[in-house]
Ligand SMILES: Cc1cc2nc3c(=O)[nH]c(=O)nc-3n(C[C@H](O)[C@H](O)[C@H](O)COP(=O)(O)O)c2cc1C
């Protein structure tokens, strides 16, 4: 008989000040197989490690005579106002972290005033998750299947539940070699509500699940999803300017720069290291969403200053869910809010628009960036 998988059921606010500590706490409450799946990366984990390390490739310019107080990190994305420029990234199988699963995250994210993305491989139904979000905006993340009936069925569910956009993830057409899962002989111990109806999910490995997915994802796939749903389509997993251009050319409403948190192609660059060149190619035609490696408010600031409009929070929110349910998720978003507003103050930016205009430093090998225009005007 299969062992019973027992995730945490405690709901409480948590004291978050360093995501590395929170990860350790999460490791004490998430069963081993689930924890390995959540924290693990592909192959040697090189790309996973680089994702956070890369934020040190650029530095913040401290400002002292910027004449501002009470910075405001609120912004909007695809017509939705959010309290901070960070959304919940799509994360599969959240019941591995906490018994409340995606509903817990949806509630915590709604209370944080931002957008929840819901994975195709969620444990609960789309209707259950939107209900838990209590009317807060949500986006549905699609892993297209080889089974066309499934694609139509799941997109219908998303539309009926009032999802505001579709994220089409293109970087997981096969599973990356997740060695922790292999070592732990990890198969999903809980059901995946959307797959269940079509005979998949529970008892399968990640690679077996991805094998049911569509391998040939092309610009036509973007067009098709946009046509079927009439919703904005966001292409996720973009790591090159070429794919960003293909996405926009096929009607994408946003580009989502991500390397899946280093879980897919090990040996690829840190997501942050490719962000600026992709944003320059996109050149404001559509919004740019960014994730992979965000662990501090300064990382959000640096991503925005490098061309992102908003960022996605992945593992940190799942650690919060594991330790404190919906309140833990809220504590994590509160932490990012607090750190980001502190950085905005110390780096002399009052609004998200001002962060986007800020130039980061590239020291010690680079040169100080040009002075921004407004500054030139005040030099006498
Ligand atoms: C446990 C786990 C499950 C994930 N499941 C999905 C998924 O179902 N769909 C998807 O597009 N991305 C998925 N991702 C990737 C996240 O959306 C996001 O890109 C990644 O977590 C960012 O890296 P970070 O959490 O290290 O910052 C998953 C990530 C993790 C950690």
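Quick notes on this structure:
- Among residues of segment 132-148 that are without any contact (Cβ under 8 Å) to a residue 60 or more places away in the chain and under 25 Å from residue 170 (Cβ atoms), those with a beta-carbon under 6 Å from a residue that is in a strand (DSSP E or B) and within 16 Å of the ligand (Cβ to nearest atom) at least six positions away or on a different chain give the pairs 138/116; 138/118; 140/118; 140/166.
- Taking each residue of segment 235-255 that is at pLDDT 95 or above and looking for partners that are surrounded by fewer than 17 Cβ atoms within 10 Å (Cβ to Cβ) and part of a loop (DSSP other than H, G, I, E, B) with beta-carbon atoms closer than 7 Å, six or more apart or interchain, yields 248/285.
- Exclusive hit being in contact with a strand residue (DSSP E or B) (Cβ under 8 Å, 6 or more places away or on another chain), more than 21 Å from residue 264 (Cα to Cα) and surrounded by fewer than 17 Cβ atoms within 10 Å (Cβ to Cβ), set 67, 72: 72
- One residue stands out among those in segment 11-33 that are outside any loop (DSSP other than H, G, I, E, B) and without any contact (Cβ under 8 Å) to a residue 24 or more places away in the chain: the one that is surrounded by the most Cβ atoms within 10 Å (Cβ to Cβ), which is 27.
- Reported count of residues in segment 290-300, each being assigned to a loop (DSSP other than H, G, I, E, B) and buried (at least 24 other Cβ atoms within 10 Å of the Cβ), is 4.
- In segment 301-315, the residue that is surrounded by the fewest Cβ atoms within 10 Å (Cβ to Cβ) out of those that are part of a helix (DSSP H, G or I) and more than 12 Å from the chain's Cα centre (by Cα) is 305.
- Of the strands (runs of 3 or more DSSP E) lying entirely inside segment 34-125, those carrying at least 3 residues that are in contact (Cβ under 8 Å) with a residue 24 or more places away in the chain are 86-88, 116-119.
- Taken over segment 134-144, the residue count meeting the criterion of being in a loop (DSSP other than H, G, I, E, B) and either at pLDDT below 95 or buried (at least 24 other Cβ atoms within 10 Å of the Cβ) (or both) is 3.
- Residue that is nearest to residue 219 (Cα to Cα), among those in segment 190-199 that are part of a loop (DSSP other than H, G, I, E, B) and within 14 Å of the ligand (Cβ to nearest atom): 192
- Residues (more than 20 Å from residue 199 (Cβ to Cβ) and within 13 Å of the ligand (Cβ to nearest atom)) located in segment 118-128: 118
- Here residue 335 passes the criteria (1) over 14 Å from the mean Cα position of the chain (by Cα); (2) crowded, with 20+ Cβ neighbours inside 10 Å; (3) outside any helix (DSSP H, G or I) except the one numbered (3).
- Criterion applied to 228, 195, 190, 214 was being buried (at least 21 other Cβ atoms within 10 Å of the Cβ) and more than 16 Å from residue 255 (Cβ to Cβ), and the one residue passing it is 195.
- Taken over segment 288-299, the residue count meeting the criterion of being in contact (Cβ under 8 Å) with a residue 60 or more places away in the chain, within 11 Å of the ligand (Cβ to nearest atom) and under 16 Å from residue 352 (Cβ atoms) is 3.
- Filtered residues of segment 186-204 (kept if in contact with a helix residue (DSSP H, G or I) (Cβ under 9 Å, 6 or more places away or on another chain) and free of Cβ contacts under 8 Å to residues at least 12 places away in the same chain): none
- Checking the stated criteria, residue 250 turns out to be surrounded by 17 or more Cβ atoms within 10 Å (Cβ to Cβ) and at negative phi.
- Qualifying residue in segment 71-93 (condition: within 11 Å of the ligand (Cβ to nearest atom), over 16 Å from the mean Cα position of the chain (by Cα) and modelled with pLDDT of 95 or more): no
- The condition of being over 17 Å from residue 295 (Cα atoms) and modelled with pLDDT under 95 holds for only one of 4, 115, that being 4.
- For segment 163-179, the set of residues classified as away from the ligand (no atom under 11 Å from the Cβ) and more than 24 Å from residue 218 (Cβ to Cβ) consists of 164, 177, 179, listed by residue number.
- In summary, residue 185 fulfils each of the numbered conditions (1) crowded, with 18+ Cβ neighbours inside 10 Å; (2) outside any helix (DSSP H, G or I) with the single exception of condition (1).
- Filter result for residue 40 (in contact with a strand residue (DSSP E or B) (Cβ under 6 Å, 6 or more places away or on another chain) and buried (at least 18 other Cβ atoms within 10 Å of the Cβ)): yes
The values are calculated or read from the model by the stated rules, or taken from the named source; none is laboratory data. Since this is a predicted model, take the numbers as computed values, not measurements. Here Cβ is always computed from backbone atoms with ideal geometry, including for glycine, and neighbour counts include all displayed protein chains.
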